[in-house]
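Bear in mind these aren't lab numbers, they're just calculated from the coordinates by the rules spelled out. This one's a predicted model, so the numbers in the text were calculated from it and none came from an experiment.
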């Protein structure tokens, strides 16, 4: 390459770098940490006894690992853990006595909301049925409060709950 072409190429690279320096990718909400259910701020309805009492979140750029501790129907604490990637692929986890949960995580355009769409296949008395739902995660109070709104449907009908968690 001659010197003139090299200078022009360098000038183009510098100009492109300058332009891209003003273009930012939306920051993603950081859900990492330990969270405790705040029942007084939550809207759980009849299903409050099954809401996760504690959530522990580990978050990386490409994935999120969520551990939820809830009371089982027998009263003991049960912890389920799932790792979801942000590449649109379905993740599968075993929950509730061997039932399979398939989930996909997706960020909102502005990166402030995480939606987790899921299907859980249950078997009871020889019959199989699905629960389909979406959890919408958002932060409030400068990251000190986590709201998880869940809309789900099953053969028993549709329900909406809102669980609010305080950061520990």
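Counting Cα-Cα pairs of the range 98-168 in 5 Å increments starting at 0 gives whole-percent bin shares of 4, 15, 21, 21, 16, 12, 7, 4, 1, 0. For the range 60-103, the relative contact order works out to 29 percent when only alpha carbon pairs closer than 8 Å and six or more residues apart are counted.
In terms of overall dimensions, the range 27-167 has a Cα radius of gyration and Dmax of 14.7, 48 angstrom.
The mean sequence separation of alpha-carbon pairs under 8 Å and at least six residues apart, normalised by the residue count of the range 27-167, gives a relative contact order of 21 percent.
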